[in-house]
Amino acid sequence: MAQETSLLLLKPDCVAQGLNGEVLKRLEAEGFRVRGIKMIQLTDELLKDHYSHIADKPFFPEVAGFMKSKPVIAVALAGENVISHVRDLLGPTDSKAAPKGTIRGDFGSDKMTNVVHASDSPEAAAVELKRFFKDGEIFNY
């Protein structure tokens, strides 16, 4: 089993609904550890970098507006196979298609207001963690 660290962003809808603790509780109950956590206000520059794969799409301004509407909470979450396991716990990106019992199925509304972003691969996690956390902000304990 692979020890990994993934980036999660608790999105503005999660923050606004006060679901941060519930989401983290579910993830920690699976044996994952929070190794870094901070609340941040996303900027246009950071969003264009993070969402570079959709930055030229016509719907990007709506995504950017939503992601800047309230702060987000960046989380470095570690554990065995955390990347794939967390994605299973979250459910599909479209909350309408996510089964009850998954985080998005229980708390999300649609493709955009879906509570949490999570890294989709070890390579993406490495890039995303560096984007949101400086040296010394992710801890081993």
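What follows draws every value from the coordinates through simple rules; no lab data is involved. Owing to the predicted nature of the structure, the values given are computational and were not obtained by experimental measurement. Neighbour counts are summed over all protein chains in view; Cβ atoms, including those assigned to glycine, are modelled from backbone coordinates with ideal geometry.
Output the residues belonging to region 42-57 that are under 19 Å from Leu129 (Cβ atoms), exposed (fewer than 15 other Cβ atoms within 10 Å of the Cβ) and not basic (Lys, Arg).
Step one: filter region 42-57 for residues under 19 Å from Leu129 (Cβ atoms), giving 42-43, 45-53.
So of that shortlist, the ones also exposed (fewer than 15 other Cβ atoms within 10 Å of the Cβ) come out as 43, 45, 48-49, 52-53.
Listed by number, the residues that qualify are Thr43, Glu45, Asp49, Ser52, His53.
Out of the residues in region 76-117 that are part of a strand (DSSP E or B) and over 11 Å from the mean Cα position of the chain (by Cα), which is farthest from Glu4 (Cα to Cα)?
Of region 76-117, the ones part of a strand (DSSP E or B) are 76-80, 100, 102, 116-117.
Narrowing further to those that are over 11 Å from the mean Cα position of the chain (by Cα): 78-80, 100, 102.
Details: Ala78: 6, Gly79: 6, Glu80: 6, Lys100: 27, Thr102: 21 Å.
It comes out as Lys100.
Could you list all residues from region 118-133 that are in a helix (DSSP H, G or I) and either buried (at least 19 other Cβ atoms within 10 Å of the Cβ) or of a type in the set (D, E, K, R) (or both)?
Within region 118-133, Glu123, Ala125, Glu128, Leu129, Lys130, Arg131, Phe132 qualify.
Residues that are surrounded by 14 or more Cβ atoms within 10 Å (Cβ to Cβ), in contact with a helix residue (DSSP H, G or I) (Cβ under 9 Å, 6 or more places away or on another chain), at positive phi and of a type outside the set (A, V, I, L, M): does region 100-117 have at least one?
no
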